[in-house]
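The values are calculated or read from the model by the stated rules, or taken from the named source; none is laboratory data. Small disclaimer: the values here were computed from a predicted structure and weren't measured. Neighbour counts run over all protein chains shown; Cβ positions are idealised from the backbone, glycine included. These area figures cover heavy atoms from the full protein model, side chains too; ligands, DNA and RNA do not enter into them. Shrake-Rupley method; radii C 1.70, N 1.55, O 1.52, S 1.80 Å.
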There are 2 protein chains.
Amino acid sequence: MPTRDGASLQERIVALIHERGLAPESPMPTEVQLMELLGTSRNSVREAVRALQALGIVEIRHGHGTFVGHASLEALTPSFAFRVRSGAGGIRALNDLVEVRELLETGLIGQVAQSTSAPRLAALEALANGMDRDREADRAFHALLYDSCGNELVLQLIGLFWDVYHEVEPTLGPPEERTAEIAVNHRRIVAALRARDPEAAREAMRLHFRDVKARIARAEARPEPART
Amino acid sequence: MPTRDGASLQERIVALIHERGLAPESPMPTEVQLMELLGTSRNSVREAVRALQALGIVEIRHGHGTFVGHASLEALTPSFAFRVRSGAGGIRALNDLVEVRELLETGLIGQVAQSTSAPRLAALEALANGMDRDREADRAFHALLYDSCGNELVLQLIGLFWDVYHEVEPTLGPPEERTAEIAVNHRRIVAALRARDPEAAREAMRLHFRDVKARIARAEARPEPART
DNA sequence: CATCCACAGGACGTAGGACGTCCTTCGCTG
DNA sequence: CAGCGAAGGACGTCCTACGTCCTGTGGATG
C-alpha cells in the first residue's frame with residue numbers, strides 16, 4: 001500500500017510516526033526526506049509540520065532537526081487563551097474554565113485527603129504560606145496536590161487552566177484583598193488534608209473556587225475594560 | 001507602538017485579531033495583506049496561519065478567504081488522539097482520559113438530576129434505547145445530559161474525549177457483551193434522573209465508567225495488538 | 001599530546017516568483 | 001429574463017535561492 005492520497009499531509013505524517021513506532025524525542029525524517037517520502041514540495045511539508053508543531057505532536061529545533069513531541073497540553077495554551085480573550089463571550093468562557101477546574105479538583109481532593117503523606121503535607125503547607133510572595137507557589141500547590149493521583153492528563157489540564165486563567169487575570173481589574181483570601185483558602189485545604197477529612201477538603205476547595213468565581217463575576221459586572 | 005518584533009508571527013496575528021475586535025466568522029486580512037501588515041513573506045504568513053488553523057483560532061476556506069475561528073476543542077482532537085495512540089503509554093493515557101470524563105460527569109450529574117425537565121428525560125430515554133443500533137446515540141446522550149448546565153467548555157471536553165475514545169476503541173479488542181452493558185447503564189442513569197435522586201445518578205454514572213475502565217484494563221493485559 | 005578555533009556540512013527559517021484550483025461576481029448571450 | 005462563460009480575488013502547491021543555527025571535524029597552537 002503506497003499511501004492513499006485521500007488523507008491530508010498532516011495525517012500522513014502522523015501515520016508515518018505510528019508506522020515506524022517512533023517514540024517522543026525520536027528524530028523525525030528530514031524535511032527533504034519527508035518531501036521524497038510524501039511526494040510533495042518542501043513548502044507543503046513545512047506547513048503540515050508547523051500544524052503538527054502547534055498541536056505538540058512534533059517539536060522543531062532550529063539547526064538540529066524535527067523530533068516527535070509529547071503532545072503536551074501546554075502546546076494548546078494559545079487555543080484556550082484565545083477562547084477566553086474573545087471579547088464578549090470571553091468572561092463566560094473564563095468562568096466555564098474555572099468551573100471545569102472546580103469539578104476536577106473537588107472530585108479529586110477526596111481521594112487525596114486519604115492518601116497524602118506527611119512530607120507532602122509539609123511541602124503543601126510551605127507553598128500555601130509562600131503564596132503572598134510568589135504567585136507561582138499557587139500553581140505548584142495545585143500541581144503537587146494531584147501529583148500522587150497518577151493521572152498525567154489531570155495534572156496537565158489543571159496546569160493548563162491555571163496558566164490560561166492567570167494570563168488574563170490582570171484584565172479582571174484590581175485584585176482587592178484577593179491575595180490574602182487565597183492563602184487563607186489554601187491553608188484551610190491543607191488543614192482538612194491533615195485531618196484526613198475528605199468532606200472538609202471538598203468543602204474547602206469549593207470555598208476557594210467560590211472566591212475565584214466571585215472575582216470573575218465582579219469583572220463581568222463592570223464595563224468593557226478597554227482593549228490593549 | 002508599531003509592533004514589537006520579539007513576538008512570533010503567530011502571536012502577532014492573534015494580537016491583530018484582538019486589536020481589531022474581530023469576532024468568530026469575521027473575515028481575516030488576506031495573505032497578501034498580512035504580508036504587508038507584518039512585513040514578512042507570504043510563505044511565513046502561511047505557516048503561521050496554518051499553525052493557528054490547527055489550534056482552531058482561524059479557519060481557512062479555499063478560494064474564499066481566511067476567517068476567525070471559534071477555537072473549538074474539536075480542532076484539538078488530533079493532539080489528544082496522538083497522545084492516546086502512542087505505543088506504550090497509550091493505554092495509560094486513554095485510561096487517564098476516561099477518568100477525567102468520569103470526574104466531569106459524576107461531578108455534574110448531581111445538578112442535572114435536580115433540574116432535568118420531562119421532555120428532556122424522554123429524549124434521553126429514547127437515546128438510551130437507541131444505542132444498540134446507533135453508536136452516535138451514546139455521544140448524543142452524554143451531550144444532551146449536560147446541555148442544560150450552561151457550560152460550553154464541559155460539553156466540548158466531553159465530546160472531545162468521546163471522539164478520542166471511540167477513535168481508538170476498535171484497537172481494544174472485541175467488544176464482548178459491551179453494547180448490552182452500555183444500554184443497561186444508561187437506562188439506569190435515566191431512571192435515577194427521573195427519580196430526581198442525585199446520589200443514585202452519581203452511583204449509576206460511576207458504574208458506567210467502571211465498565212469502561214474494565215474494558216481498558218482487559219486491553220492493557222493482552223499483548224500489543226499489532227500495529228496497522 | 002591536549003586544547004582551542006575555524007570551517008564545512010546538515011537542517012531548519014525566510015524570501016520571492018510562478019502557476020494551479022476554488023469560489024464569486026459580473027457581463028454577455030440566447 | 002434566464003443561463004452561461006469570462007474575469008478576478010484568495011488560497012494551494014511548487015521551485016529556487018539564500019540566511020541562520022547547530023554539530024562535528026580537522027588543523028593550528030600552546
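A Cβ distance below 8 Å, combined with a sequence gap of six or more or placement on separate chains, defines the contacts here; from segment A:113-138, residues that are touching a residue at least 24 places away in the same chain (Cβ under 8 Å) reach residues that are in a loop (DSSP other than H, G, I, E, B) in the pairs A:113/A:196; A:113/A:197; A:114/A:196; A:124/A:116; A:138/A:131. Across segment A:28-66, the number of residues qualifying as within 14 Å of DNA strand D (Cβ to nearest atom), over 19 Å from residue B:54 (Cβ atoms) and open to solvent by less than 60 Å² (accessible area, probe 1.4 Å) comes to 3.
If you go through segment A:59-78 and pick out every residue that is out of contact with any Pro (no Cβ under 7 Å at 6 or more places or on another chain) and more than 12 Å from residue A:163 (Cα to Cα), you end up with 9. Could you please let me know if residue A:150 is free of Cβ contacts under 8 Å to residues at least 60 places away in the same chain, within 14 Å of another protein chain (Cβ to nearest Cβ) and either farther than 30 Å from residue B:79 by Cα or surrounded by fewer than 17 Cβ atoms within 10 Å (Cβ to Cβ) (or both)? Yes; evaluated as a whole, the condition is true for this residue.
Here are B:19, B:25: which of them is outside the structural domain of residue B:166 (by TED's automatic domain parsing), within 16 Å of DNA strand C (Cβ to nearest atom) and open to solvent by 60 Å² or more (accessible area, probe 1.4 Å)? Steps first, please.
Details: B:19 fails: within 16 Å of DNA strand C (Cβ to nearest atom).
Step by step, each of B:19, B:25 is checked, and only B:25 is outside the structural domain of residue B:166 (by TED's automatic domain parsing), within 16 Å of DNA strand C (Cβ to nearest atom) and open to solvent by 60 Å² or more (accessible area, probe 1.4 Å).
Being open to solvent by 10 Å² or more (accessible area, probe 1.4 Å), within 18 Å of the chain's Cα centre (by Cα) and assigned by TED's automatic domain parsing to the domain that holds residue B:155 holds for only one residue in B:125, B:136, and it is B:136. Taken over segment B:28-56, the criterion of being within 14 Å of DNA strand C (Cβ to nearest atom) and small (Gly, Ala, Ser) is satisfied by B:39, B:41, B:44, B:48, B:51. Only residues that are outside any helix (DSSP H, G or I), more than 8 Å from chain A (Cβ to nearest Cβ) and of a type in the set (A, V, I, L, M, F, W, C) were counted in segment B:20-79, giving 6. Scanning for something within 22 Å of residue B:16 (Cβ to Cβ) and within 16 Å of DNA strand C (Cβ to nearest atom), does segment A:77-87 turn up at least one residue? Scanning segment A:77-87, I find no residue that is within 22 Å of residue B:16 (Cβ to Cβ) and within 16 Å of DNA strand C (Cβ to nearest atom), so the answer is no.
Restricting the search to segment B:87-100, which residues are open to solvent by 20 Å² or more (accessible area, probe 1.4 Å) and either of a type in the set (Val, Ile, Thr) or more than 7 Å from chain A (Cβ to nearest Cβ) (or both)?
The first filter runs over segment B:87-100 and keeps only residues open to solvent by 20 Å² or more (accessible area, probe 1.4 Å), leaving B:87-89, B:91-92, B:95, B:99.
Those that are open to solvent by 20 Å² or more (accessible area, probe 1.4 Å) and either of a type in the set (Val, Ile, Thr) or more than 7 Å from chain A (Cβ to nearest Cβ) (or both): B:88, B:89, B:91, B:92, B:95.
For segment B:195-216, a residue qualifies if it is under 26 Å from residue B:121 (Cβ atoms) and surrounded by 17 or more Cβ atoms within 10 Å (Cβ to Cβ), and the qualifying residues are B:200, B:201, B:202, B:204, B:205, B:208, B:209, B:212.
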